[in-house]
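Okay, so here's the structure we're looking at.
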Amino acid sequence: MRPLPFREVVVAPESVRHALTQMLLRPSPPQGLLLVGMAGVGKRTLARALAAAWMCPQRTAEGHCGACEVCLKWSDASEHPDLRVLRPDPEQIKIDAVRGVRQWASFAPTVAPVRFVLLEEAHLLNPAAANALLKTLEEPPPRYHFLLTAPASDLLLQTILSRCRIVRLGALPTEQIAAHLRARYTLPEATLQAIAVFADGALGRAIRWADALQQGEGAPRELDALQSLLGVFARLGGASLEDALRLAHEFREACKALEGGAEGRSARAALALGLEYLVLWYRDALALQYPDSPVRFETHRDALRQLAGRFAAAERARDLHAIIEARRAILGNANAQIVTENLFVRLIATA
Ligand SMILES: [Zn+2]
């Protein structure tokens, strides 16, 4: 797909859209811009829309014009002679890739007034590659700009962060996603609700699933995997310590089905996503204490109540923190089996 014009990219929260609009109105883009947000929230779509806008000599606050000499060079696969994309191969971005960019940067742009280097999942730069990138950011070649994406800013070197503008993308509320789907698909309301809940703020993901179901391709593999994950989580409230390693194993197996897919998820990214859902599960268990707070996994209310009844609220809050730490460790290259086993032992042992 060619880059969407900025005005058509769904960006949340509204303050971020406003800040980006202001940036587009300035004469030149920032030297480095880091887009932070969880998987599926639209970082890649937004990065391409921004690159296309800044490369277009006729851009407006709404994005690129789509018709000029520069815009016409975009291929259907969103490639452009003045854009370079670096992404993990498959688990790291290596120094050769960064060196290749430095070499490319010794040439002037082909048609656009500026060139862009897009580093997807920049937290997966290996140390040598990160240092090479830092050198380039310290002495940027003229008319070269960098766009980086990452799930969290603290996974990047401080020295790289200090050279980037940081933009934090938020998740869309479930109801906003449901409304978006309702306007475009004729699927049953219960299905739309389930998709909106599981999309967890990521509209791109919701649209992909709804497309597959609408076209009669059956339930997407990811949606099935998420149902299996909830099956694992639902047993936490009644599990004994002997079950911990088995549950950790089943958790990792369910996450395997989240690998690849349209988002090209790595094994680590799939595990991190699984842990994000576990965070949501624990948030729900905490939310049960407050009569009016919405529960995301409404269909699993009994299992959530069991978990809430077994562990004191303070413990669940600490467990929530442990899950977030485990996710961070996995994205930071820790051994996935050890991290998940330790986590599940902890979650069950605090009973
Ligand atoms: Zn244009």
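Figures for the structure shown
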read-out: Residue list for the stretch 65-92, restricted to those being more than 11 Å from the ligand (Cβ to nearest atom), of a type in the set (D, E), free of Cβ contacts under 8 Å to residues at least 60 places away in the same chain and farther than 15 Å from V117 by Cα; value: D89
read-out: Qualifying residue in the stretch 280-294 (condition: outside any helix (DSSP H, G or I), under 18 Å from L230 (Cβ atoms) and modelled with pLDDT under 85); value: yes
read-out: Residues satisfying the stated conditions in the stretch 1-29, i.e. more than 22 Å from the chain's Cα centre (by Cα) and either surrounded by 12 or more Cβ atoms within 10 Å (Cβ to Cβ) or on the phi > 0 side of the Ramachandran plot (or both); value: M23, L24, P29
read-out: Qualifying residue in the stretch 239-255 (condition: in contact with a helix residue (DSSP H, G or I) (Cβ under 9 Å, 6 or more places away or on another chain), surrounded by 14 or more Cβ atoms within 10 Å (Cβ to Cβ), outside any helix (DSSP H, G or I) and not polar (S, T, N, Q)); value: yes
read-out: Selection count, the stretch 208-219, where residues are in contact (Cβ under 8 Å) with a residue 24 or more places away in the chain and either assigned to a loop (DSSP other than H, G, I, E, B) or out of contact with any Phe, Trp or Tyr (no Cβ under 7 Å at 6 or more places or on another chain) (or both); value: 2
read-out: Test for A97: is it farther than 30 Å from L280 by Cβ and either within 13 Å of the ligand (Cβ to nearest atom) or buried (at least 16 other Cβ atoms within 10 Å of the Cβ) (or both); value: yes
read-out: Which numbered condition L147 fails, given (1) farther than 26 Å from V16 by Cα; (2) more than 14 Å from the ligand (Cβ to nearest atom); value: (1)
read-out: Breaking point among (1) in contact with a Lys or Arg (Cβ under 8 Å, 6 or more places away or on another chain); (2) closer than 27 Å to T159 by Cβ; (3) more than 16 Å from the ligand (Cβ to nearest atom), for P140; value: (1)
read-out: Search result, residues across the stretch 319-351 that are farther than 20 Å from V232 by Cα and either of a type in the set (K, R) or surrounded by fewer than 18 Cβ atoms within 10 Å (Cβ to Cβ) (or both); value: R328, G332, N333, A334, N335
read-out: Selected residue (criterion: farthest from A128 (Cα to Cα)) from residues of the stretch 53-64 that are within 24 Å of the chain's Cα centre (by Cα) and either more than 16 Å from the ligand (Cβ to nearest atom) or hydrophobic (A, V, I, L, M, F, W, C) (or both); value: A53
read-out: Failed condition for L50, given (1) within 19 Å of the chain's Cα centre (by Cα); (2) free of Cβ contacts under 8 Å to residues at least 60 places away in the same chain; (3) within 16 Å of the ligand (Cβ to nearest atom); value: (2)
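The values are calculated or read from the model by the stated rules, or taken from the named source; none is laboratory data. All values derive from a computational prediction rather than experimental measurement. Note: ideal-geometry Cβ built from the backbone for every residue, glycine included; neighbour counts use all protein chains shown.
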